[in-house]
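Student: Would you mind keeping the following structure in view while I ask a few things?
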Amino acid sequence: MSCPSCNSLQGVGPLLTEDEARRLPRLPEHRFKSENIPWPNFLQSAETCYCCDILLKGIAGFLYNSWVGAMRSCEKLITSHMNDGSEFSIELFTLDGKYSDDVHTSIRTSTETSSEEAFKKECKCLKDCDDQYHGDEVPEGEDPEDWISYCVPSSKALTSPAKLPTRVIDVGRFNGKIRLVEGNGLIHRYMCLSHCWGPHQIIITTKSILGDRMKEIHIADLSKTFTEAILMTRRFEIDHIWIGSLCIIQDDPADWERESAKMASIYRDAYLTIPATRSSSGDRGLFTKTPDFEYLVFREKMDHVLWRDNTTSQFPLMTRAWVFQQRILSPRVLHFGYHELFFKCSTTAYCECGNIGFLDHTTREIPMPNLKKMYSAALNSIAQTPSGKWSNKMWVKSAGYFIARMWRSLIMDYTALSLTIPSDSLPALSGVAKTFAKKRASPYLAGLFGDSLIDDLLWNTFSCRKHRLREWRAPSWSWASIETHANYQDGIVYYDNEMSLDKPDDRIEFVSIDDFSCESVGLDKFGQLLPATLLLKADLDRNGRPNYCVCAENEAVTPRIWPDYDLSQSGPYNVLPGTEVYCLRMIQLVKDNVDMSLVLRVVQSQVSRSFERIGFLQLDPHTQIDCLDPEMRDNFVAALNKAAVETVDII
């Protein structure tokens with residue numbers, strides 16, 4: 001039924017094509033008007049009409065609105081700044097589905113993500129993926145046992161070596177009967193669901209009801225998300241879907257440990273993964289509506305920022321740490337978003353409105369970070385051997401630094417996400433870690449790798465408000481020992497294919513690693529160790545954080561350090577001002593004159609004196625990250641140069 005308010009709006013003048021617009025000396029104004037829409041009627045319409053609701057949000061709370069950018073280069077985005085400090089943005093889109101480089105409007109989306117129009121787009125994405133982008137043939141010269149095809153074409157999926165997981169859901173495509181079945185080594189296509197559990201208990205499988213689940217799962221018992229996922233699986237003419245809460249026995253620790261360890265292969269071998277990206281709980285479902293009207297060409301702005309701590313409320317699923325490896329490992333992911341569908345595979349990203357690929361779609365010059373593409377480029381590329389053959393192993397050897405940077409970039413994204421159970425920090429990333437470890441043939445050490453250990457140790461965090469976990473989770477030198485966003489200086493933010501064979505910047509290394517272990521002995525390091533005193537300045541920094549510094553050789557003004565956690569927490573991890581600490585000098589980047597050190601404190605072990613990491617010190621003359629003037633910096637570097645060379649154990 002048409003809305004009596006907004007559907008009465010009429011445009012003044014016709015919509016012009018690009019060629020028609022170019023021939024005009026100036027573009028005409030498109031004003032939409034109605035002579036008589038009483039305010040009470042408009043408020044009533046906004047309760048049921050999507051478009052009127054957008055108008056009401058913009059009218060009722062705005063202070064001002066403005067066009068962003070110049071007339072011919074702007075993105076046609078109207079932003080209303082609300083009284084509560086938030087923003088509400090409206091974007092324009094075209095009616096004919098064509099993107100214009102001059103007008104910079106978006107593309108009209110399907111009115112509902114469950115519609116036939118949307119489903120045809122989904123099928124086209126899969127067909128394009130099959131026909132244009134990927135193959136599953138092992139490159140000449142590569143060992144078939146070591147080769148992984150990250151995007152197996154659907155036409156060959158039935159004959160691929162992928163087997164069904166231990167248990168899957170039979171969606172009852174022919175008889176309507178839904179039940180849990182055992183994979184039994186059978187080779188079939190299957191789909192995976194990725195979703196948020198939410199605050200309310202969803203349907204699960206336990207030891208006591210496993211038998212009942214194998215007989216039948218009544219659709220009335222399923223959450224809305226599960227129901228719609230099963231319907232989508234049938235729609236794709238696939239018989240099975242893997243849903244973790246149903247396919248893993250939740251009260252059986254042995255089964256959970258065994259099946260969660262298979263997460264990498266479960267998602268990697270799936271025909272398609274469908275995340276309930278817009279839903280924060282199981283009762284929200286997959287599907288959503290984005291209605292529009294014949295004469296109105298605006299809608300609420302569609303966000304595409306899907307990484308690190310910028311993830312918005314439109315994508316609650318993307319804030320969950322367990323989902324991270326699901327979307328990285330899955331060959332192809334079809335997101336059911338807030339207003340539209342978007343599809344990602346190893347080489348491309350597609351969304352209905354056409355703006356997912358770039359941070360700034362007005363210029364189409366700055367690509368948006370695509371973790372799936374970077375992950376695939378790091379581990380699935382091939383290089384030519386001296387004999388002329390193409391090999392994935394040769395690529396891994398040649399691009400070792402890029403692959404190591406890719407891992408550190410993933411850690412930056414992963415640690416910005418949320419975990420319900422803190423002890424899941426390493427298990428929730430284990431599938432991705434195993435893939436990296438196999439390709440790199442390098443020891444994996446609580447979130448770090450042996451072949452890049454010095455660089456992997458150089459993480460820091462700019463938020464010291466959280467406590468170090470009282471229950472031991474990882475060695476103090478690992479980012480997994482804290483519950484805060486970890487950052488690396490060389491993390492990849494902007495990516496193109498030319499970066500893949502970059503070499504590390506010229507640098508001086510002050511440490512060598514004698515041995516490493518994830519046991520209580522910890523990490524043996526040989527390097528320059530400078531005694532210092534931990535100080536706490538009286539004033540907080542401009543972000544309200546405590547301002548910790550270290551003092552060496554009685555310097556009056558000292559460089560700032562970045563604690564790994566809240567040093568004031570009570571208990572065994574409390575570090576008081578005045579405590580003797582040590583700066584373990586790690587590396588110096590020659591070009592930028594940046595010096596990096598770990599900040600350690602002494603802990604007494606049963607064997608000997610050991611050290612525990614508590615923070616990070618970076619002396620950077622360009623960014624003034626340590627709030628130190630050049631003379632003070634040079635004095636502290638001089639003290640580091642005189643530091644004793646020792647072997648230390650870090651636990």
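Student: Tell me, please, whether a residue that is under 22 Å from Arg278 (Cα atoms), of a type in the set (A, V, I, L, M, F, W, C) and either in contact (Cβ under 8 Å) with a residue 24 or more places away in the chain or touching a Gly at 6+ places or on another chain (Cβ under 9 Å) (or both) can be found in the stretch 171-192.
Tutor: yes
Student: Regarding the stretch 245-260, can at least one residue be identified that is closer than 21 Å to Ala428 by Cβ, of a type in the set (Lys, Arg) and assigned to a helix (DSSP H, G or I)?
Tutor: Yes.
Student: Still on this structure, please answer the following. Could you tell me whether any residue of the stretch 381-394 is under 25 Å from Pro316 (Cα atoms) and either open to solvent by 10 Å² or more (accessible area, probe 1.4 Å) or not acidic (Asp, Glu) (or both)?
Tutor: No: zero hits.
Student: Considering each residue of the stretch 30-65, count those that are at pLDDT below 70 and within 41 Å of the chain's Cα centre (by Cα), and give that number.
Tutor: Final tally of qualifying residues: 12.
Student: So, in the stretch 279-316, of the ones that are touching a strand residue (DSSP E or B) at 6+ places or on another chain (Cβ under 6 Å) and modelled with pLDDT of 80 or more, which residue ends up most open to solvent (accessible area, probe 1.4 Å)?
Tutor: It comes out as Lys289.
Student: Then there is this: Being open to solvent by 70 Å² or more (accessible area, probe 1.4 Å) and over 25 Å from Ile421 (Cα atoms) is the filter here; which residues of the stretch 202-223 pass it?
Tutor: Listed by number, the residues that qualify are Asp212, Lys215, Glu216, His218, Ile219, Ala220, Asp221.
Student: Further, regarding this structure: Pick from Arg633, Arg585: which is open to solvent by less than 30 Å² (accessible area, probe 1.4 Å), assigned to a strand (DSSP E or B) and either at pLDDT 80 or above or farther than 25 Å from Leu445 by Cβ (or both)?
Tutor: The conditions single out Arg585.
Student: So Arg234 fits all but one of (1) at pLDDT 90 or above; (2) open to solvent by 50 Å² or more (accessible area, probe 1.4 Å); (3) closer than 27 Å to Ile421 by Cα; what number is the exception?
Tutor: Only one criterion in (1) at pLDDT 90 or above; (2) open to solvent by 50 Å² or more (accessible area, probe 1.4 Å); (3) closer than 27 Å to Ile421 by Cα is unmet by Arg234, namely (3).
Student: If you don't mind, there's one more thing I want to ask. When Gln569 is evaluated against the numbered criteria (1) open to solvent by less than 50 Å² (accessible area, probe 1.4 Å); (2) closer than 22 Å to Leu457 by Cα, which criterion, by number, is the only one it fails?
Tutor: (2)
Student: Let me ask you something else. Restricting to the stretch 408-448, and then to whatever is in contact with a Gly (Cβ under 6 Å, 6 or more places away or on another chain) and not in a helix (DSSP H, G or I), can you tell me which residue is most open to solvent (accessible area, probe 1.4 Å)?
Tutor: Pro443
The values are calculated or read from the model by the stated rules, or taken from the named source; none is laboratory data. These numbers were taken from a predicted model, which means no experiment stands behind them. With ideal geometry, Cβ positions are generated from the backbone for all residues, glycine too; neighbour counts draw on all protein chains shown. To get the accessible areas, we keep the full protein, side chains included, count just its heavy atoms, and leave off ligands, DNA and RNA. Shrake-Rupley method; radii C 1.70, N 1.55, O 1.52, S 1.80 Å.
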